[in-house]
Protein chains: 2
Amino acid sequence: MYRTHNNGDLRLNHVAQNVVLSGWVQKIRNKGFMIWVDLRDRYGVTQLMFDADRSTKQTMEAASKLGREFVIQVAGQVIERESKNPQLPTGDIEILVETLTILNSALTPPFTIEDQTDGGEDLRMKYRYLDIRRKPVRDNLVFRHKVSMTVRNYLSGQSFIEVETPYLIKSTPEGARDFVVPSRMNSGQFYALPQSPQTFKQLLMVGGMDKYFQIVKCFRDEDLRADRQPEFTQIDCEMAFVTQEDILQTFEGLTRHLLKEIRGLDVAEFPRMTYDEAMERYGNDKPDIRFGMEFATLNSRAQHRNFGVFDQAELIVGIAVPGGNAFSRKEIDQLIDWVKRPQVGAMGMVYCRCQEDGSFKSSVDKFFDQEDLSSWAELTQAKTGDLICVLSGQTDKVRAQLSALRMELAERLGLRHANEFAPLWVVDFPLLEWDEDSQRYHAMHHPFTAPKPGQLALLETDPGAVKANAYDLVLNGNEIGGGSIRIHDKGTQSKMFDYLGFTPEEAQAQFGFLMEAFQFGAPPHGGIAFGLDRLVAILGGQETIRDFIAFPKNNAGRDVMIDAPAPIDNDQLSELNLRLDLKP
Amino acid sequence: MYRTHNNGDLRLNHVAQNVVLSGWVQKIRNKGFMIWVDLRDRYGVTQLMFDADRSTKQTMEAASKLGREFVIQVAGQVIERESKNPQLPTGDIEILVETLTILNSALTPPFTIEDQTDGGEDLRMKYRYLDIRRKPVRDNLVFRHKVSMTVRNYLSGQSFIEVETPYLIKSTPEGARDFVVPSRMNSGQFYALPQSPQTFKQLLMVGGMDKYFQIVKCFRDEDLRADRQPEFTQIDCEMAFVTQEDILQTFEGLTRHLLKEIRGLDVAEFPRMTYDEAMERYGNDKPDIRFGMEFATLNSRAQHRNFGVFDQAELIVGIAVPGGNAFSRKEIDQLIDWVKRPQVGAMGMVYCRCQEDGSFKSSVDKFFDQEDLSSWAELTQAKTGDLICVLSGQTDKVRAQLSALRMELAERLGLRHANEFAPLWVVDFPLLEWDEDSQRYHAMHHPFTAPKPGQLALLETDPGAVKANAYDLVLNGNEIGGGSIRIHDKGTQSKMFDYLGFTPEEAQAQFGFLMEAFQFGAPPHGGIAFGLDRLVAILGGQETIRDFIAFPKNNAGRDVMIDAPAPIDNDQLSELNLRLDLKP
């Protein structure tokens, strides 16, 4: 037995008890005749006291040789502290140490094990096991566990069954790139790691399982952008005999339960918005609605005033930045530079100050009079003291640009409150989206998504207009979940594959089992998948998913702690009937 | 909304209610003027009634065209049945159908969707989604979910934190063969899929996480034996600041809780047995102790009687088969043939009948008198009416042979009661085991297992005698969990790698991160891992793990439903800088 209590346990009512504690040396103060040590474990910190008058010489000597992060065990008596520390749950007591055992020594760690560490990202990832000793990181992992358990118990209570689907499946070139796994027993053949259990959960519906969920790792071999991981965790869910409404209600219930259990918040019915409306009002299909700055279309009040830039624009759209009139000329110039950065890509920005005296002062006063500018203020709902920012150009691009500006301004103005939660359903997504690279339509959600009833015919005439019963759950400007009602008959699924450019042979080779399954009595079904990493981060009031993953990979897909991936033996390659074919 | 109730819901108190049900057509009885349909879903079966007098002509016509496994929705009234079915929870009522909607038609399934199906294993696996519609398979999956949830909630309640460890890790040639995953972004390098999260859970202990668990998929590229899967699920656990006793207590608590929650059984303290004792008493390190037939060493009463076979044997060992005197001569000859099969490998078997009159009749009466045979009976605790079976030879081999015979006899005699549960801790496993192939010692558990305190020196003089604080939890003759106290200092770990034949460079390349971690204050720690697939099967009173896996692979590692693994595109290979190198 290494301990009778943990280091977060002891209080005044334990005084005079003999206890045994174990943990890491957090801090040492050595006054020679008295030595204080802060002993740390997962549960807290307890102060140890070594007193030359009351401890043996041997114990004092051992204590004087302790270093940071040594692992020790002590036995001693709980005593009341003379100077209490109200910041610490155990701050009323300390341990008068009788015996000290050094369980393991420690080299000086490469960064400080403190809430605010001096270690940079790279060093922390290389020594992630030391990073995890820090309270903020440990708390994040415990928090993640709590969220996962809450999800599981809630769904389980709603008759959902967690079913484990296989990790060694089949590669399908549709969508992102698969990670593949060579099969030794089936020469020249490969498994793929799942990008999601999509087809398996649909087969479970065909199998009558009715309400399925799984918290499951998924894999995507993509060129990593910041804060993307090659392996990530989904809360994957599917239901049979349901309409879209049933699914929205069920998972709104889950999300509301999480907000209540995890954050103590009561959230009313989630607002809903169509995809088209979200794009029009926020230029974005995952709007952060914790704050305003809604888009206003200004075409009618901004064109035909001889301002060529606007006259040639498909869309002229503005937002009212609250209190933005306080921005200096220099600050506004910086904003203009910001939207002109290649990452945003605007050609420029028109602005209009809503001055304290009720007048307007714009960067285009040459073309627009006070009446025009007043109507801009009206449409953007700008008030005195605000700044109207206006972008123009091709609709899709200008929306994306203004949406980026809106988020940037909200960030700068502190409008994205970490402890405020604004969920939103975005519904009626388009079935297809145009892909510039391949010059054809792709499935926006995935090729199993059903078009809205009666819209199948539109595929031939106006594919971009076909809507699906597809929906996203958005929380604070992040898509935390997305799903759809699925196709459940072979005819429609074949048509869809055909439309998406699969030859009948390709469709058969990759998804023949699913289409075959549809012939044996597939029920209507649909589902949703949540990104657990992001959900946990956002519930934790943060946005960096890496902080909520125990052993994340870096942007090159490497685990710098274990140094993976790594070369393998030629014997291993040969057993797999593979040869490296490195390009120079 | 597709249904107001499910097909297991309705009782007499629902009579006269209008309900909507959905599901699959299980059975149809068509009397022309009356049609009865059994409607099935995950929750049960409800009888539907179509009545020419009370249903519309259109509905009758539609009903008459239904086939097995059609997916339908009906609206109608709950009425009391004239002839009730007490076998069925909903057997008191039926639905007088008003409207019938066919949601999907179905081809005739390739096997019957009944508890006892006519489908063979191969067919059932190819159409696993239809197999899952059968109650026994569905019940197994629901049962598995219940076990997993119970494990998670119990451990979570004991302050364990479930931490997700990575799936894309580094290949280590030690142990079984890894599945590897080529990295596109790191040319010529590979990830490996984890055989277990062993090193990561140890790093979590170094990181202060203290009590970790994870229900996690693991992967082993082995030549598959019957009922082995290339991917399998572990309940992986680790604790810091614990002794072996703490771990045994904790996981005995978990197992007792499972037996109570899942099977309603109260089980007293689990017996414990050393590895040496288990081998001596049962010839096996995972003895089934639901029944007796313990081994008795007969050397002192069987040698020096001029029976050459025994005189030359290292070990002569017998068991008393209860009631075995009833076996006919032919049955005994069959048993002898059974032990002589190559899978068992005995040279022969001596037997002795304990006859009703108290006398003994053996196959070696020429060499042994009644007094000798009486002493065999005493040592094996054979009673009147039993049969003593005796094998002899080299100790390890003869133990394995007699253990196989003991299990076979228990099976034949019906002593392995599916609803009886006899857990057992086997402790003090050897640290090393001799490997005939490589002619050297290997780690019996894994290279991270600590030798018992003070036994490290024995490694040089008598390696086979070194014991470890390593333990298995055995349930009904199956190892359901195994673990050990780990090494937690760099020096011992280096010595162990050295001893196991790693060069310092290999040890550094493969496990350098772990040994480095040990230098920064590693706490004493240990853990255990349970095989969830087997645990669930045994708790379910069965032994075939495949029946408790939603989508299992066959013995060639293939998923015959989705037809994986499969060839991949040359483009995919080329992106991975690989070329096939198929041997003719």
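Bear in mind these aren't lab numbers, they're just calculated from the coordinates by the rules spelled out. Predicted model only: the values in this text are computed from it and were never measured. Glycine gets a Cβ as well: all are built from the backbone with ideal geometry, and neighbour counts include every protein chain shown.
Per-structure values
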{"read-out": "Relative frequency of Cα-Cα separations exceeding 21 Å in segment B:12-104, percent", "value": "21"}
{"read-out": "q = 0.22 Å⁻¹: log10 I(q)/I(0) that the Debye formula gives for segment A:291-415, counting C-alpha atoms only", "value": "-1.41"}
{"read-out": "For segment B:490-529 versus segment B:87-141, the gap between their alpha-carbon centres in whole angstrom", "value": "53"}
{"read-out": "Residue-wise HN-Hα coupling along segment B:177-194, computed from phi with Karplus coefficients 6.51, -1.76, 1.60 (Hz; x: Gly, Pro)", "value": "6, 7, 7, 10, 10, x, 9, 6, 7, 10, 3, x, 10, 9, 8, 10, 7, x"}
{"read-out": "Entries of B:146/B:217; A:126/B:452; A:361/A:383; A:65/A:126; A:201/A:553; A:27/B:495 with Cα pairs more than 24 Å apart", "value": "A:126/B:452; A:65/A:126; A:201/A:553; A:27/B:495"}
{"read-out": "Within chain B, helix-based [θ] at 222 nm, where runs of 4 or more DSSP H residues each add -39,500 (n - 2.57), nearest 500", "value": "-8500 deg cm²/dmol"}
{"read-out": "Label spacing, shortest first and in nm, from residue B:544 to its equivalents in the remaining copies (7 angstrom along Cα→Cβ)", "value": "5.2"}
{"read-out": "Global form of segment B:390-494, assessed from the alpha-carbon gyration tensor, a/c cut-off 1.5", "value": "oblate"}
{"read-out": "Only Lys, Arg (+1) and Asp, Glu (-1) charged, at Cβ; the protein assembly as shown dipole about Cα centre in debye", "value": "880"}
{"read-out": "Proximal aspartates and glutamates relative to residue B:583, as straight alpha-carbon distance under 16 Å, when same-chain residues fewer than 8 apart are discounted", "value": "A:571, A:575"}
{"read-out": "Other-copy label distances relative to residue B:98, 7 angstrom Cα-Cβ extension, nm", "value": "8.1"}
{"read-out": "Global form of chain B, assessed from the alpha-carbon gyration tensor, a/c cut-off 1.5", "value": "oblate"}
{"read-out": "Tensor-based shape of the protein assembly as shown (alpha-carbon gyration tensor, a/c under 1.5 rounded, otherwise prolate or oblate)", "value": "oblate"}
{"read-out": "Loop-located trypsin sites (Lys or Arg not before Pro) in segment B:201-237, at most 13 other Cβ atoms within 10 Å (DSSP)", "value": "B:225"}
{"read-out": "Inter-copy separations for residue A:82, label at 7 Å along Cα-Cβ, nm, ascending", "value": "9.7"}
{"read-out": "Table column - 3J(HN,Hα) (Hz), segment B:534-541, Karplus curve with 6.51, -1.76, 1.60, x for Gly and Pro", "value": "6, 4, 5, 4, 5, 4, x, x"}
{"read-out": "Lys, Arg +1 and Asp, Glu -1 on Cβ, resulting dipole of chain A about Cα centre, debye, nearest 20", "value": "1700"}
{"read-out": "Positive minus negative residues near residue B:474 (Lys, Arg vs Asp, Glu; Cβ under 10 Å)", "value": "-3"}
{"read-out": "Residues whose placed amide H lies under 5 Å from that of residue A:93, excluding near-sequence neighbours", "value": "A:81"}
{"read-out": "Hz values of 3J(HN,Hα) by residue in segment B:36-46 - Karplus curve (6.51, -1.76, 1.60), Gly and Pro given as x", "value": "10, 10, 8, 9, 10, 9, 4, 9, x, 10, 10"}
{"read-out": "Residue A:195 long-range amide H proximity, modeled H, under 5 Å", "value": "A:219"}
{"read-out": "DSSP-loop GluC sites (Glu not before Pro) across segment B:389-472, with at most 10 other Cβ within 10 angstrom", "value": "B:436"}
{"read-out": "Chymotrypsin sites (Phe, Trp or Tyr not before Pro) lying in DSSP loop within segment B:1-74, provided at most 12 other Cβ fall within 10 Å", "value": "B:33"}
{"read-out": "Relative contact order for segment B:291-415, counting Cα pairs under 8 Å that sit 6 or more residues apart, in percent", "value": "35"}
